[in-house]
Ligand code: NAD
Ligand code: UDP
């Protein structure tokens, strides 16, 4: 399936999406260097991967620098807080990892003559006024709102990536990831899916923001990883490419679905809606379908069941 072999650096490889990417790459036979400062990720996510001889973990803050000895064939740059709770509590770190951290990851790719892939986000579309969102939409971001530290850092990362493609001839790719969920999300991560599962399992009220009528389109992590790797290996596509689910649901319906699947009698508690929280979100995935032959395969219900099972198992193991 792959177009090249070799050694791949994954920044943010100890996080939720990054740890699944590392595992998949190791299974495909690549050597993987996971670079992470574990600020929002967890060593537990990647400890089981130590059985692969080609796996290496480097605890480092990519904002401080990124030096890797030996050959590198691709740099996948995922390091960044991703949950709104995480980036709102680390505003400066988020901007620094999106700017200086991305510069270091790009420099590493250039110096190794490696391929580069940026994990960007649907947040570049902000609170969108075009729905669903195609890659050609420039977005609707409040540059001085609280979410700007993440949204604008990712928009800057995209611009910096394209500038390196143009000015330094780097083979640089951009994936715009939409709301992804699955095992390895931290229970206290703050995002909707881990919050609702944790609350339902504990019999606590599910905290739905506003009236819960805002929408998201969820994608199970194995599908997101497949989309990222198809873009990495594509012959004729560098992106940006949207990777995300197409089944749009309200937040309230998602809370009710999770309650039902857990078999919980938890109540719904309506809480304050965060400032600039996007009202709707759904990717137009025509480009991913046409140029990568990708579309999600796992249903939301099946993905949520797998995630609930993992949360139960993880809590038994004493997280
Ligand atoms: P995560 O928080 O689980 O993973 C991010 C990882 O980056 C963590 O392990 C964290 O410790 C690490 N990190 C943060 N700052 C770092 C630094 N300065 N140096 C080294 N490591 C650092 O989040 P995630 O959901 O796995 O997101 C991974 C990437 O995908 C992020 O770039 C995020 O913006 C992007 N993304 C994710 C989603 C999603 O729904 N999960 C959606 C859009 C984009
Ligand atoms: N949300 C919620 N309750 C929570 C956490 C999140 O209602 O406990 C809402 C949040 O306001 C947003 C949606 O769920 O409308 C998705 O939030 P999440 O943090 O998962 O990701 P986002 O898409 O905002 O980055």
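No lab work stands behind these numbers, since they all come straight from the coordinates. This one's a predicted model, so the numbers in the text were calculated from it and none came from an experiment. Because the Cβ atoms are built from the backbone with ideal geometry, glycine has one as well, and the counts that use them run over all protein chains shown.
Here residue 142 meets each of (1) part of a loop (DSSP other than H, G, I, E, B); (2) within 24 Å of residue 7 (Cβ to Cβ); (3) touching a strand residue (DSSP E or B) at 6+ places or on another chain (Cβ under 8 Å) with one exception, condition (2).
For the range 234-254, the candidate set comprises residues that are free of Cβ contacts under 8 Å to residues at least 60 places away in the same chain and in a helix (DSSP H, G or I); within that set, the residue that is nearest to the chain's Cα centre (by Cα) is 251.
Residues checked against (1) surrounded by fewer than 18 Cβ atoms within 10 Å (Cβ to Cβ); (2) in contact (Cβ under 8 Å) with a residue 60 or more places away in the chain; (3) not in a strand (DSSP E or B):
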{"position": "174", "(1), (2), (3)": "no, yes, no"}
{"position": "186", "(1), (2), (3)": "no, yes, yes"}
{"position": "189", "(1), (2), (3)": "no, yes, yes"}
{"position": "194", "(1), (2), (3)": "no, yes, yes"}
{"position": "198", "(1), (2), (3)": "no, yes, yes"}
{"position": "204", "(1), (2), (3)": "yes, yes, yes"}
{"position": "208", "(1), (2), (3)": "no, yes, no"}
{"position": "212", "(1), (2), (3)": "no, no, yes"}
{"position": "216", "(1), (2), (3)": "no, yes, no"}
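Those strands (runs of 3 or more DSSP E) of the range 27-124 in which 1 or more residues are within 15 Å of the chain's Cα centre (by Cα) and within 23 Å of residue 142 (Cβ to Cβ) occupy 115-121.
Consider residue 291 carefully, then state whether it is assigned to a loop (DSSP other than H, G, I, E, B), more than 20 Å from residue 24 (Cβ to Cβ) and away from ligand 2 (no atom under 15 Å from the Cβ). Here the answer is no, as residue 291 does not meet what is asked. One residue stands out among those in the range 259-278 that are within 23 Å of residue 221 (Cα to Cα) and away from ligand 1 (no atom under 16 Å from the Cβ): the one that is surrounded by the most Cβ atoms within 10 Å (Cβ to Cβ), which is 262.
Here the range 67-81 is the region considered, the condition is being surrounded by fewer than 24 Cβ atoms within 10 Å (Cβ to Cβ) and on the phi < 0 side of the Ramachandran plot, and the residue that is nearest to ligand 2 (Cβ to nearest atom) is 74.
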